[in-house]
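> The structure follows.
Every number in this text was worked out from the coordinates using simple rules, so none of it is lab data. On a predicted model such as this, the values are computed, not experimentally measured, just so you know. Cβ placement follows ideal geometry from the backbone for every residue including glycine, while neighbour counts extend to all protein chains displayed.
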Amino acid sequence: MPSLFGLITDDQNLKPSELLARMAGALGTGEQLASAIGDGWAVGVLARPGEPRLAAAGDQDQYAVMVGELFDTKSVRDRLVSKGVAVDPGNPAALLLALYQTEGLEALMDLNGSFSAAILEPEARGVHLLIDPVGGIHHLHYAARSDSFVFATAVRQILATGLVSPEPSPTAFRCRRTPFSEASGKSLREHRLHIRMAGSQCAACIHSLFRKAS
């Protein structure tokens with residue numbers, strides 16, 4: 001099954017490349033892996049061959065991964081083109097990242113589709129997790145310890161890292177206001193989960209996790 005996953009850690013004894021490999025192998029699927037790995041961080045996505053789902057803006061140290069699909073993107077693309085931003089039409093993660101860089105986090109809430117995604121900012125030691133407003137098909141989970149946090153489509157991918165124990169299970173990120181655990185509050189700064197109502201449907205949901213500055 002397609003999946004996305006990643007981590008940020010301050011533990012110098014951990015090797016992000018090895019942890020990412022464990023997460024990729026936890027599902028035992030035949031999708032193709034695309035990844036980006038750096039000092040104390042890694043992000044990856046498993047997707048069908050020929051369907052790019054990773055985008056990088058190395059000059060700004062930002063990376064986006066996505067599973068699922070975006071709908072009705074023409075207006076967004078036209079808006080970006082009017083601002084001089086070229087986007088790969090075959091990579092929805094590239095559209096996601098370009099929109100974030102050009103118009104900010106709030107603009108991502110207007111995206112329509114069936115998807116989950118993450119934007120990793122290694123230098124800022126943080127990640128923005130996104131899911132569509134229904135959240136019925138594509139899921140995201142996250143967990144933390146004092147020096148690291150990890151996120152993934154499936155709980156078993158998180159457990160494969162060995163960074164957290166099976167009990168309690170990693171937190172499921174859904175399209176609702178979800179309190180962060182007290183245990184994690186000492187090591188992470190949680191940005192509010194933004195939900196905006198539009199008629200009877202809420203917009204895409206965003207949950208941001210950042211390591212505290214030392």
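> At what distance in nm do the modelled label points of Q60 and Q12 sit from each other, each positioned 7 Å from its Cα along Cα→Cβ?
Label-label distance for Q60 and Q12, simple model: 3.2 nm.
> Using alpha carbons only, what's the Rg to Rh ratio of the stretch 1-142 with Rh from Kirkwood? Present the calculation step by step, with values, prior to reporting the outcome.
Values: Rg = 14.8 Å, Rh = 15.5 Å.
Using Cα coordinates only, the ratio equals 0.96.
> Would you pull out the residues with amide H under 5 Å of L140's amide H, same chain only if 5 or more places away, H placed 1.01 Å from N?
Here F173 satisfy the definition.
> Note the direction-averaged projected area, equal to a quarter of the hull surface, for the Cα convex hull of the stretch 99-139, in nm². Could you put the intermediate results ahead of the total?
On the way: hull surface 12.4 nm².
Result: a mean projected hull area of 3.1 nm².
> Can you pull the Rg over Rh of the stretch 59-159, Cα-only, Kirkwood?
Radius of gyration over Kirkwood radius for the stretch 59-159 works out to 0.98.
> According to the Kirkwood expression over distinct Cα-Cα pairs, how big is the hydrodynamic radius of the stretch 63-115, in Å? Present the calculation step by step, with values, prior to reporting the outcome.
On the way: mean 1/r = 0.0905 Å⁻¹.
That comes to 11.0 Å for the stretch 63-115.
> Taking amide H positions as placed 1.01 Å from N in the peptide plane, with prolines and chain starts having none, which residues 5 or more places from V85, or on another chain, fall under 5 Å of its amide H?
none
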